[in-house]
Structure formats: structure tokens, C-alpha cells
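**Student:** Here you go, one structure.
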Amino acid sequence: MRIRHVAAFAFVVFLGGAVASQEGEEAVIVVTGAKVAQEITEAVELVEVITEEQIREMDARNLKEVVDHIPGVVVYAHPLPVVMMQGFDGAYVKVLVDGIEIAGDLGGATPVAQLPVAEIERIEIVRGASSVLYGSDAMGGVINIITRHPEEGEFSAQVIQEIATNLRYYGETSAAWANHFFGASVAASYDYDNGDTRKETNNLGDTVTLYEMPLLRFGMVRSELTWFHRAGDLGLFGAVYDSYRERSTSSETGVVYDDLKTEVGIDGEYTISDFASIDGFATYKAYDHIVDDLNYAFDTTSSDETLFDQMEGEVRFAWEPTISQALLVGVNAKRDLLEGDDFEEQESATMVSLFAQDTWNVGGADRVRIVPGLRLDYSVPGGADEDPILKVSPKLSTRFDPNESVILRLAYGMGFKTPSIKEKYWRFFHPAPANFMLLGNPELRPETSHGINASVDYTATPRVSTTLSGYFNYVFDLIDSQIIDEESGSYTTNDGVVHQYINVRAYRNVGEAITSGGDWNVRYNGDRVTTSLGYSFTTAWELDGDEDRYVELTGRVPHQIKSTLAYRIPVIETTATVQADWNAPQLVDREDDTYTPDYLMINIRISRSFLEDRLNVYAGVRNALDNFHLFDGYDDYSQEEYFGLYDGLTAYIGSRLTL
């Protein structure tokens with residue numbers, strides 16, 4: 001097995017390097033991953049930036065297809081795709097748009113395939129515990145999507161059209177305009193995948209149509225109006241996300257996920273003086289989640305609907321009393337409402353938070369920076385029988401620049417995750433083959449983590465740079481489900497459907513976990529060649545209470561390689577790009593010592609610009625090796641079967657027109 005891992009490493013390295021996530025760091029790039037606008041070269045935290053141009057070169061149509069190519073980020077089915085960072089699953093990674101949290105699914109994870117790349121200017125990634133600034137659910141890190149905003153005196157418009165041989169269509173259009181007083185922008189996208197079907201005879205002798213590849217429809221519209229003032233800006237924004245996904249789970253059953261997300265909000269900033277400013281936002285988000293369980297044999301449908309509403313507001317005050325100090329303080333308030341077929345009544349959760357961060361540039365010499373931070377969270381009881389939760393989360397980040405070529409970073413942070421409404425109040429029947437009841441627990445305690453992150457940046461030449469980073473996280477009061485009743489029984493839903501279960505499980509604070517690992521990236525940015533290579537490794541262990549020892553956590557990718565090689569061909573000025581991603585097999589079952597197959601994906605793209613770069617025409621192939629990989633998983637599962645890549649090699653062609 002080890003020899004084959006080495007072979008995979010060599011194979012991917014041969015093709016190129018990892019996504020050049022911080023390409024052009026010598027340029028002025030403003031980041032907000034730490035809730036303070038600054039150049040990336042001045043950031044104390046290690047912030048990874050993916051630019052709009054890099055996103056285009058990835059052929060990405062949604063956030064999933066972007067982070068798929070980022071070292072140290074793993075995408076997995078939940079059943080919808082969500083992200084994993086530093087060994088933490090999607091419920092522990094916070095996804096933001098312009099610094100504002102996106103409503104996730106019932107478990108708190110954000111379905112990243114439902115976030116299109118339309119209107120994205122850049123994406124910022126901060127790894128490790130970020131609870132001081134971003135609160136609960138940020139134990140694994142933060143992904144912040146920064147959208148384009150119109151600039152004064154500017155009009156721009158863009159249209160993208162793409163079609164693939166698997167009948168997947170993607171279209172995107174956007175427009176922005178601004179004068180001295182007002183600005184307006186609108187963006188819309190539509191992603192359609194016809195899926196892949198086959199005919200099969202079920203146990204009753206009936207011929208049914210099954211989806212080997214799911215049918216997908218996703219549309220988005222987002223708009224913003226901005227009022228410009230010499231002392232600041234005031235914006236009003238809104239968005240609608242509509243998603244439909246149908247797939248077959250067996251020859252007799254299928255499932256449909258039908259989601260509608262809407263959000264409206266207001267944000268603004270006001271400059272008090274050259275050294276002080278205030279900014280903030282207020283939002284309302286609604287999420288209508290419908291799951292239809294399909295029975296092909298009896299032609300019946302059982303529906304389960306959940307309604308999730310969230311109101312959030314935040315105000316921040318930034319003050320620079322001296323050239324070597326910057327202070328940020330803020331208050332955040334959030335209220336969640338959840339009701340649906342799996343809840344006996346409407347449930348709620350309210351959180352009020354205070355946070356502060358002080359950035360010290362010691363002596364103003366740009367050599368040593370120290371950033372202490374503290375957050376206080378108070379969770380208001382949702383019911384008469386619940387106790388309030390008070391959580392204090394400190395963080396300390398440091399940066400040392402011994403010379404112009406080297407940056408050393410070290411950070412400690414305490415993270416936390418409050419129990420979700422689902423974990424506290426859910427009544428859920430898990431269908432075949434598991435057939436169990438899962439109950440919430442209002443007495444759950446918050447999960448808490450202690451995390452250490454360290455990194456070294458080295459710029460050998462203006463064209464060559466490398467980053468080496470490592471992390472260690474210790475989590476206690478881990479929430480998981482346990483069997484509390486071995487007796488079988490039946491459960492009747494609100495719409496009268498009766499389910500037979502074999503046991504009852506409930507959420508409990510069950511133990512401790514440790515995640516550790518590291519990332520290495522090397523980048524070369526030449527005039528015509530851009531290449532880089534990234535390798536990540538992760539170990540994750542949980543405390544087995546029965547055996548009183550740590551055992552390996554399932555579902556984590558232990559080794560990962562992400563690579564890219566881009567070359568602009570002389571004379572014809574056409575750019576050719578090759579991307580290669582490889583994930584080592586993941587542990588499925590400790591007792592049986594079973595693993596998934598490995599994952600190997602090669603994508604090839606060529607593009608050419610015309611009309612003074614206003615028109616870009618591109619074409620390429622995805623899954624260029626047609627599901628070739630190095631070794632199968634348990635039960636001889638191939639990459640195609642386990643990951644559902646039945647489309648195999650697909651070709652596509654598209655164009656982007658910019659005005």
C-alpha cells in the first residue's frame with residue numbers, strides 16, 4: 001500500500017503543482033479574513049487567497065469546484081457536498097459571503113455546490129480555530145467569499161455560456177454600474193445537469209429508471225444597491241438560491257432534495273476620522289428544505305419539510321491610536337428559528353457575543369506583530385428546562401519577519417461549537433439499510449477545542465515561494481450519536497407515514513478527539529509558465545470510552561496532492577492548463593479495516609482571448625483519465641462506483657464576454 005501511495009505522489013507531481021493560492025503576493029491585495037482590511041503581505045494570520053482569474057482557470061462553476069483544487073481542503077458528500085478542513089467536517093467550518101454567514105443545512109454544514117462563482121472577486125481561506133472573530137462553528141476554519149462591487153464611474157457586464165458532452169449546461173450573467181452617488185449590481189447563474197440514467201428491473205418485476213448520476217438544477221440571483229458618501233458606504237443586498245437534486249439510492253428507492261434559500265440585508269461603513277471607523281450589517285435569511293423519499297415499486301412519495309429562519313446583526317469599531325497598534329471591538333447577535341416535520345414544535349436559539357482583537361506592531365518596525373483576541377458568547381436558553389451557556393474563547397497570534405524573505409507565524413486559539421437545534425430537538429428516522437431513530441438532546445454541552453497553528457513562508461526569488469504549515473487540535477465534549485435503546489419499534493411522521501426501526505439513538509457528549517497534520521506548497525510564477533505543488537496530510541483520532549484508548553477517526557483523507565501546470569503558448573497566445581488532484585484512500589470501518597478507493601482526477605483546459613481580452617473562448621476535458629486510479633476500495637469498489645463518477649471523461653466548450 002505504501003509503495004502505491006508513493007507512486008501516486010510521483011504521478012501527480014509529474015503533471016505539475018498545486019493551485020497557486022497566493023499568486024502575486026507582491027501586489028496589493030486587500031483581505032478581510034481577520035475582519036480588518038489590510039494588504040495580504042501585512043496579515044498576521046495565514047490567509048490563502050484564490051483570485052477570480054484562478055477560479056476561471058479551474059473551470060469552476062460553484063464553490064465546491066473551487067475548493068476541490070485547494071490543498072488541505074476536502075469535499076465530501078453529506079449527502080450534499082460540504083467541506084472538511086484540518087480533520088473537522090463541514091459543521092465546524094464557517095462559510096461567509098462578504099463576511100456574513102451563509103445559512104447551512106440542518107447539521108450546520110454549508111452545501112458548497114449551491115454557491116455559484118458568479119460575481120466572485122476572490123475567496124479567502126483561514127485555517128484553524130477562528131471562533132474569536134467568527135463565533136461558533138469555526139473550529140476548523142473560515143472560507144470567506146468576497147463579491148465584486150461597482151466602482152465609481154464604471155459600467156461592466158459579463159456573460160458566460162458553457163455546455164458539456166454529459167449535457168451539463170452552465171450560464172452566468174452579471175452587470176454593475178456606479179456614479180458618484182450610487183452603485184448597483186446584479187448577477188444570475190443557472191447550472192443544469194441532465195444526470196445519467198439506466199433501466200433496471202426491480203424485485204417486483206417492474207422496469208424502473210434509475211439515476212446513476214443525479215439530476216441537478218441550480219439557479220441563483222443576487223443584487224446589491226450601494227449609496228456612496230465621502231464618509232462611508234451604505235448597501236442593500238438580496239439573493240435567492242433555488243436548488244433541485246434527484247438521485248436513486250437503490251433499484252426501489254430514490255431521494256429528492258429541493259431547497260430554496262433567500263436572504264436580504266443591509267451593510268455599511270462610516271469613517272469617523274483617519275484613525276477610527278465603524279461598520280456592520282443586519283441580515284434576514286430563510287431556508288426551505290424539502291426531502292422527498294421516493295418508492296419506485298409502489299410509486300409513492302414521502303415528504304419531509306424543514307423551515308429555517310435566521311436573523312443576525314453585527315457592529316464593529318476599529319481604532320488605530322498609534323502607527324503600531326490597531327484595536328477592533330464588536331458585538332454580534334443572532335437568532336435562529338427552526339420548525340418542520342421532524343420537530344414537535346418550533347424551536348429557537350439565540351446567541352449574543354462580544355469580541356475584541358488588538359494588533360500590536362512592536363516598535364512599528366514590521367518585524368514582530370502580536371495579536372491577542374477574546375470573545376464572550378452568551379447563549380439564551382431556548383426552553384424553560386435549559387440552562388444558559390456562557391463561553392469565553394481567547395486567541396493569540398504572532399508573526400515574526402526575520403528578514404524580507406521569511407515569515408514565521410504561530411497562533412493558539414480556543415474554538416467552540418454550540419449544540420445545533422437539530423442536535424438538541426431532532427426526531428429523525430434514518431431509512432434503510434440502517435433503519436434507526438435519532439433523537440435530539442436539550443442537555444448537550446458545547447464542544448470545545450484548543451488549536452495550535454504554525455507556518456513558515458519563504459520567498460526564494462520574486463518568482464519562487466513556498467509555505468510549510470502544521471496544526472494540532474484537541475477537542476473535548478465531542479457530540480456524537482449513541483444507541484440508547486436496543487428495542488425495535490415504529491415511528492409515525494406528521495403526514496401519517498409509519499416507519500419501522502431496529503434501535504433508538506440519541507446525541508450525547510461522548511468524548512475527545514485529536515486532529516493534526518500539515519500542508520506544504522511551492523509556487524513558481526513565470527512570464528509564461530505558472531506551476532505549483534501542494535501536499536497535505538491529516539491524522540484524526542477519537543477516544544474510545546470502552547477501550548480507554550484513542551482510535552482512528554473514519555472518513556478522513558490522510559494524504560492529498562493538488563497540482564496545476566499552466567503554460568501560455570507563444571505566437572498563438574493560448575493558455576493550456578493541466579490540473580491533477582489525488583486523495584489517498586479513507587478509512588471506512590476500523591474493525592473490518594476497510595478503505596475507500598483512492599481518488600485521482602486530471603482536468604485539461606485551453607483558452608484564448610480575443611477583442612482586447614473582452615472575449616475569452618475555452619474548451620477542455622474533465623476526468624481526462626476516464627476514472628483510472630491506483631487501487632480499489634472495499635468490496636472491489638472502483639473510483640467510478642464509490643464516488644458516482646459514471647459520466648467518465650467529459651468534454652466541454654464555453655465562452656466569456658466582458659463589456
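The values are calculated or read from the model by the stated rules, or taken from the named source; none is laboratory data. No experiment lies behind these values; they were computed from the predicted model shown. Please note: Cβ atoms are built from the backbone with ideal geometry, for glycine as well, and neighbour counts cover all protein chains shown. Calculation scope for accessible area: heavy atoms of the full protein, side chains included, ligands and nucleic acids excluded. Shrake-Rupley method; radii C 1.70, N 1.55, O 1.52, S 1.80 Å.
**Student:** Output yes when any residue across region 229-241 is in contact with a Ser or Thr (Cβ under 8 Å, 6 or more places away or on another chain), over 18 Å from residue 315 (Cβ atoms) and without any contact (Cβ under 8 Å) to a residue 24 or more places away in the chain, and no when none is.
**Tutor:** yes
**Student:** Helices (runs of 4 or more DSSP H) wholly in region 1-72 with at least 2 residues that are at pLDDT 75 or above, open to solvent by 10 Å² or more (accessible area, probe 1.4 Å) and polar (S, T, N, Q) - which ones? Working first, answer last.
**Tutor:** On the way: elements: 2-15, 52-57, 63-67.
Helices (runs of 4 or more DSSP H) meeting the threshold: none at all.
**Student:** Conditions: (1) under 29 Å from residue 355 (Cα atoms); (2) charged (D, E, K, R); (3) surrounded by fewer than 18 Cβ atoms within 10 Å (Cβ to Cβ); (4) touching a residue at least 24 places away in the same chain (Cβ under 8 Å). Residue 292 meets all but one. Number of the miss?
**Tutor:** (1)
**Student:** Related question: Considering each residue of region 591-626, count those that are within 21 Å of residue 651 (Cα to Cα), within 24 Å of the chain's Cα centre (by Cα) and outside any strand (DSSP E or B), and give that number.
**Tutor:** Residues in region 591-626 being within 21 Å of residue 651 (Cα to Cα), within 24 Å of the chain's Cα centre (by Cα) and outside any strand (DSSP E or B): 1 in total.
**Student:** Quick check, is residue 430 surrounded by fewer than 16 Cβ atoms within 10 Å (Cβ to Cβ), closer than 24 Å to residue 292 by Cα and not polar (S, T, N, Q)?
**Tutor:** Working: surrounded by fewer than 16 Cβ atoms within 10 Å (Cβ to Cβ): yes; closer than 24 Å to residue 292 by Cα: yes; not polar (S, T, N, Q): yes.
It is true that residue 430 is surrounded by fewer than 16 Cβ atoms within 10 Å (Cβ to Cβ), closer than 24 Å to residue 292 by Cα and not polar (S, T, N, Q).
**Student:** Name the residue, out of 397, 449, that is of a type in the set (Ser, Thr, Tyr) and closer than 22 Å to residue 537 by Cα.
**Tutor:** 449
**Student:** Now, a different point. When the residues of region 238-275 are narrowed to those that are in a strand (DSSP E or B), open to solvent by 30 Å² or more (accessible area, probe 1.4 Å) and of a type in the set (S, T, N, Q), which ends up nearest to residue 195 (Cα to Cα)?
**Tutor:** Residue satisfying both the conditions and the ranking: 253.
**Student:** Which residues, taken from region 533-557, are loosely packed, with under 14 Cβ neighbours inside 10 Å and of a type in the set (Lys, Arg)?
**Tutor:** Across region 533-557, the qualifying residue is only 549.
**Student:** I'm trying to understand the selection: among the residues of region 341-390, which are surrounded by fewer than 20 Cβ atoms within 10 Å (Cβ to Cβ) and touching a Leu at 6+ places or on another chain (Cβ under 8 Å)?
**Tutor:** Result: 346, 348, 354, 356, 358, 370, 372, 376, 378, 390.
**Student:** Mind listing just one residue for me: the one in region 73-89 that is outside any strand (DSSP E or B) and modelled with pLDDT under 85 and, of those, surrounded by the most Cβ atoms within 10 Å (Cβ to Cβ)? Full working, then the answer.
**Tutor:** Our first condition is that a residue be outside any strand (DSSP E or B); within region 73-89, this holds for 78-80, 86-87, 89.
In the following step, the residues that additionally are modelled with pLDDT under 85 were identified as 78-80, 89.
Numbers: 78: 19, 79: 15, 80: 18, 89: 21.
Only one residue tops the list, namely 89.
**Student:** Please pick out the residue among 598, 626, 635 that is open to solvent by 60 Å² or more (accessible area, probe 1.4 Å) and over 24 Å from residue 191 (Cα atoms).
**Tutor:** Values: 598 fails: open to solvent by 60 Å² or more (accessible area, probe 1.4 Å); 626 fails: over 24 Å from residue 191 (Cα atoms).
So the residue among 598, 626, 635 that is open to solvent by 60 Å² or more (accessible area, probe 1.4 Å) and over 24 Å from residue 191 (Cα atoms) is 635.
**Student:** How many residues are modelled with pLDDT of 90 or more and either small (Gly, Ala, Ser) or touching a Cys at 6+ places or on another chain (Cβ under 6 Å) (or both) if we restrict to region 633-650?
**Tutor:** Adding up the residues that qualify gives 3.
**Student:** From the list 161, 86, pick out the single residue that is polar (S, T, N, Q), touching a Gly at 6+ places or on another chain (Cβ under 6 Å) and at negative phi. Before you say what the answer is, go through the steps one by one.
**Tutor:** Values: 86 fails: at negative phi.
The conditions single out 161.
**Student:** Can you name the number of the only condition in (1) outside any strand (DSSP E or B); (2) in contact with a strand residue (DSSP E or B) (Cβ under 7 Å, 6 or more places away or on another chain) that residue 210 fails?
**Tutor:** All conditions pass for residue 210, except number (1).
**Student:** Could you go through region 195-204 and let me know if any residue there is modelled with pLDDT of 90 or more, within 30 Å of residue 639 (Cβ to Cβ) and surrounded by fewer than 18 Cβ atoms within 10 Å (Cβ to Cβ). Can you show your working first?
**Tutor:** Of region 195-204, the ones modelled with pLDDT of 90 or more are none.
No: region 195-204 contains no residue that is modelled with pLDDT of 90 or more, within 30 Å of residue 639 (Cβ to Cβ) and surrounded by fewer than 18 Cβ atoms within 10 Å (Cβ to Cβ).
**Student:** Then there's this: Could you run through region 563-574 and say how many residues are open to solvent by 30 Å² or more (accessible area, probe 1.4 Å) and hydroxyl-bearing (Ser, Thr, Tyr)? Break it down stepwise before answering.
**Tutor:** Residues of region 563-574 that are open to solvent by 30 Å² or more (accessible area, probe 1.4 Å), as a first pass: 565, 567-573.
Those left that are additionally hydroxyl-bearing (Ser, Thr, Tyr): 567.
Number satisfying all stated conditions: 1.
**Student:** So which of 156, 174 is in contact (Cβ under 8 Å) with a residue 60 or more places away in the chain, closer than 21 Å to residue 120 by Cβ, open to solvent by less than 50 Å² (accessible area, probe 1.4 Å) and hydroxyl-bearing (Ser, Thr, Tyr)? First the steps, then the outcome.
**Tutor:** Values: 174 fails: in contact (Cβ under 8 Å) with a residue 60 or more places away in the chain.
Step by step, each of 156, 174 is checked, and only 156 is in contact (Cβ under 8 Å) with a residue 60 or more places away in the chain, closer than 21 Å to residue 120 by Cβ, open to solvent by less than 50 Å² (accessible area, probe 1.4 Å) and hydroxyl-bearing (Ser, Thr, Tyr).
**Student:** Residues in region 393-415: is at least one in contact with a Gly (Cβ under 8 Å, 6 or more places away or on another chain), open to solvent by 40 Å² or more (accessible area, probe 1.4 Å) and not aromatic (Phe, Trp, Tyr)? I'd like the intermediate steps shown before the answer.
**Tutor:** Of the residues in region 393-415, the ones in contact with a Gly (Cβ under 8 Å, 6 or more places away or on another chain) are 393-397, 411-415.
Those left that are additionally open to solvent by 40 Å² or more (accessible area, probe 1.4 Å): 394, 396, 412.
Subset that is not aromatic (Phe, Trp, Tyr): 394, 396.
The answer is yes; a qualifying residue exists.
**Student:** Take the residues of region 216-235 that are among the aliphatic types (A, V, I, L, M) and open to solvent by 20 Å² or more (accessible area, probe 1.4 Å): which is farthest from residue 247 (Cα to Cα)?
**Tutor:** In the first step, residues of region 216-235 are kept if they are among the aliphatic types (A, V, I, L, M); the result is 216, 220-221, 225, 231, 234.
Cutting the leftovers down to open to solvent by 20 Å² or more (accessible area, probe 1.4 Å) gives us 216, 221, 225, 234.
Values: 216: 9, 221: 25, 225: 38, 234: 43 Å.
Ranking the qualifying residues of region 216-235, first place goes to 234.
**Student:** Pairs only if they're at least six apart or on different chains, beta carbon under 8 angstrom, first in region 602-618 and among the aliphatic types (A, V, I, L, M), second outside any strand (DSSP E or B); list them, first residue then second.
**Tutor:** Listed by first residue and then by second, the contacts come to 602/15; 602/623; 602/624; 602/625; 604/624.
**Student:** Further question: Tell me which of these residue 588 doesn't satisfy, since it passes every other one: (1) under 23 Å from residue 72 (Cβ atoms); (2) more than 23 Å from the chain's Cα centre (by Cα); (3) open to solvent by 20 Å² or more (accessible area, probe 1.4 Å).
**Tutor:** Every condition holds for residue 588 apart from (2).
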